[in-house]
Amino acid sequence: MDIQVKRSRAEIDLLNLKHNYGIVVSALANGQKPMAIVKADAYGHGDVAVARTLQSAGCDMFGVATFGEAARLREAGISGEILILGYSPANLAKQLVELDISQALLNADYASVLADKGYPVKCHFAVDTGMTRIGLDGTDTDACERVIRSFKDEGVLRVEGLFTHLSSADMEDDASGEYTRGQLTRFETLAKRLADLKLPYVHCLNSAGTFRYNAGLGNVVRAGIVLYGIEPDDSDCARDGLKPVMSWKSVISEICHVGKGVAVSYGRTFITPKPMTLAVIPTGYADGYNRLLSNRGYVLIRGHRAPVVGRICMDQMMVDITDIPDARAEDEVTLIGKDGALSITASDMARLTGTIGYEIVCDVSSRVPRVYIGEK
Ligand SMILES: *Cc1c(COP(=O)(O)O)cnc(C)c1O
């Protein structure tokens, strides 16, 4: 194994990705199709490999956050629709057309600036129905309708889609349910008023929305996190059967036996309460292993849990292997994934640091090579 790969690597299981894609497809209503959200390097999984795999599984719509992400996919041979869901500088208009990339319209002013460039950019109008982020003000249906029709009639931009984004579809409480239904109702009202435009793409559901609120509204769903086998939240809204796509592996670089009362790592936040055996792991916060896991996280070695002791360093960390006496230098270490009967998921790690699984996988840095398994 390549030295750099052995040090710390993210294994990306493309069979599990395809499996999760199948679960999304099975949650679709009649006439709907999925747009795979592959922004942020496919949530840290590697956008080109992920998009190619999904393309071979039949997916022909992809969503990204930036022009650079879209261009990379196009250049890698992704042939379907590619939609940039957020801001792109308007002076990219020509390149958007040349690469056949669609752009979200963030508001009326942005649409004007883009149209003024004079290129027939394919666009989807964003409508803000309650996220309070991008989009036309969805509480004013008349104004939304007027703006969208005016750009459609003007004929410079090719307005092909209408979409909104749900803020709380993953939350289980009643107020969130009511809020989400309010967003969907607002979107449906506008979509119906614009039905005569026959926009090819109408979409409002993210992963949580697809599994919890799919009453057939829209003909596209935007699925991100569930493709990677991670729940949108702590509940089981995606039903059973999602399989984690990323496993993160490292290695024991050294074992040290230390006495009682020994200070471990920066700031001496851990003092050994008894003689202990520690393993040094060559992965640290510069690899994306969150420093908040200091004295809190754990890894898996030989099917056992080994708690992190002391502060996570930039490139290394120490774990307690006192209770894993057969552990040896060069043993594989699981940071995320399965080892024997035990597992650590991105969501488990997220709970320890007060964040969400999304951020855990996005944070695995570019220093960690992605190794693809399950390719055909
Ligand atoms: C990131 C994103 C998604 C995907 O959300 P998931 O919760 O990962 O499914 C969908 N739509 C928009 C506009 C997004 O920005």
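Which FRET efficiency, nearest 0.05, do TYR87 and ASP137 yield, Cβ-Cβ r, R0 25 Å? Present the calculation step by step, with values, prior to reporting the outcome.
On the way: r = 18 Å, r/R0 = 0.71.
Taking R0 as 25 Å, the efficiency between TYR87 and ASP137 is 0.90.
Quick one: putting +1 on the C-beta of Lys and Arg, -1 on the C-beta of Asp and Glu, what dipole do you get for the chain around its Cα centre, in Debye to the nearest 20? Each step should come with its number before you reach the end.
Values: 41 positive and 47 negative charges, 117 e Å.
My answer is approximately 560 debye.
Which percent of the accessible area of the stretch 133-279 is formed by carbon and sulfur heavy atoms (probe 1.4 angstrom)?
49
Once you put a point 7 Å from the Cα of ASN295 and another 7 Å from the Cα of TYR266, both along the Cβ direction, what distance in nm separates them?
Label-label distance for ASN295 and TYR266, simple model: 1.5 nm.
Around ASN107, with a cut-off of 12 angstrom between Cβ atoms, what is the net charge of the other residues, counting Lys and Arg +1 and Asp and Glu -1?
Values: positive: ARG133; negative: ASP109, ASP128, ASP137.
Here the charged neighbours net out to -2.
Can you give the alpha-carbon Rg of the stretch 95-194 over 2.2 N^0.38 Å, where N counts its residues? Provide the component values of the computation, followed by the final result.
Values: Rg = 14.6 Å, N = 100, 2.2 N^0.38 = 12.7 Å.
Computed over Cα atoms of the stretch 95-194, the ratio equals 1.15.
Please list 133-143, 255-265 highest first by mean number of surrounding beta-carbon atoms within 10 Å per residue.
Working: 133-143: 16.0, 255-265: 13.5.
Highest to lowest by the protection proxy: 133-143, 255-265.
Please compute the length gained on full extension between ASN107 and ALA29, using 0.36 nm multiplied by the number of residues separating them and subtracting their Cα-Cα distance. Provide the component values of the computation, followed by the final result.
Values: separation 78, 0.36 × 78 = 28.08 nm, distance 2.93 nm.
Difference between extended and current length: 25.1 nm.
List, in order, the whole-Hz ³J(HN,Hα) value for each residue of the stretch 124-136 obtained from phi through the Karplus relation with A = 6.51, B = -1.76, C = 1.60 and θ = phi - 60°; use x for Gly and Pro.
10, 6, 8, 10, 8, 9, x, 7, 6, 9, 7, x, 5
Could you order peptides 149-160, 291-302 by the average number of other Cβ atoms within 10 Å of their residues, highest first? Numbers along the way, then the final one.
Values: 149-160: 16.1, 291-302: 19.5.
Ranking the peptides 149-160, 291-302 by packing returns 291-302, 149-160.
If R₀ is 22 angstrom, what is the calculated FRET efficiency for the pair ALA57 and SER366, using the beta carbon separation as r and rounding to 0.05? Please list the in-between numbers first.
Working: r = 26 Å, r/R0 = 1.18.
The calculated FRET efficiency here is 0.25.
Net charge near GLY68, counting Lys/Arg +1 and Asp/Glu -1 over other residues with Cβ under 13 Å of its Cβ?
Numbers: positive: LYS39, ARG72, ARG74; negative: ASP41, ASP47, GLU69, GLU75.
Computed value for this residue: -1.
Taking LYS117 as the anchor, which aspartates and glutamates have their alpha carbon closer than 12 Å to its alpha carbon, excluding any fewer than eight residues away along the same chain?
Within the straight-line limit of under 12 Å, LYS117 reaches no aspartates and glutamates at all.
Mean 1/r over all different Cα pairs, inverted: what Kirkwood radius does the chain give, in Å?
Numbers: mean 1/r = 0.0447 Å⁻¹.
One over the average 1/r among Cα pairs gives 22.4 Å for the chain.
In the stretch 47-61, which residues have a backbone nitrogen under 12 Å from the label point lying 7 Å from GLU75's Cα in the Cα-to-Cβ direction?
Answer for the stretch 47-61: none.
Rounded to the nearest 0.05, what FRET efficiency is calculated for ASP315 and ASP348 with R0 set to 30 Å and r the Cβ-Cβ distance? Present the calculation step by step, with values, prior to reporting the outcome.
Details: r = 23 Å, r/R0 = 0.78.
Computed FRET efficiency for ASP315 and ASP348: 0.80.
Kindly identify the stretch 229-332 as rounded, prolate or oblate by the Cα gyration tensor criterion: order the square roots of the eigenvalues as a ≥ b ≥ c, call it rounded if a/c is under 1.5, otherwise compare a/b with b/c, prolate if a/b is larger, else oblate. Don't skip to the answer; put the middle values down first.
On the way: a/c = 2.14, a/b = 1.79, b/c = 1.20.
Taking the square roots of the gyration eigenvalues as a ≥ b ≥ c, the stretch 229-332 is prolate.
If the cut-off is a Cα-Cα distance under 23 Å, which lysines reach LYS39, setting aside same-chain residues fewer than 8 apart in sequence?
List returned: LYS18, LYS94, LYS122, LYS243.
Fully extended, how many nm does the chain gain between VAL5 and SER253 (0.36 nm per residue separation, minus their Cα-Cα distance)? Before the final figure, lay out the partial values.
Working: separation 248, 0.36 × 248 = 89.28 nm, distance 1.35 nm.
87.9 nm is the gain from fully extending VAL5 to SER253.
Lysines near LYS260 by alpha-carbon distance under 21 Å, same-chain residues fewer than 8 away left out - which ones?
LYS274
Name the residues whose placed amide hydrogens come within less than 5 Å of the amide hydrogen of LYS33, ignoring near sequence neighbours (fewer than 5 apart) on the same chain.
VAL220, VAL221
Report the one residue of GLY337, VAL221, GLY63 whose Cα lies farthest in the direction of the positive end of the charge dipole of the chain (charges on C-beta: Lys and Arg +1, Asp and Glu -1; origin at the Cα centre).
Result: GLY337, furthest along the dipole toward the positive end.
Given Cα pairs under 8 Å that are at least 6 residues apart, what percent is the relative contact order of the chain? Write down the numbers at each step before the final one.
Working: 840 pairs, mean separation 68.8, N = 376.
Normalised by residue count, the contact order of the chain is 18 percent.
The values are calculated or read from the model by the stated rules, or taken from the named source; none is laboratory data. This is a predicted model, so every value here is computed, not measured. Here Cβ is always computed from backbone atoms with ideal geometry, including for glycine, and neighbour counts include all displayed protein chains. Note: areas computed on protein heavy atoms with side chains; ligands, DNA, RNA excluded. Shrake-Rupley method; radii C 1.70, N 1.55, O 1.52, S 1.80 Å.
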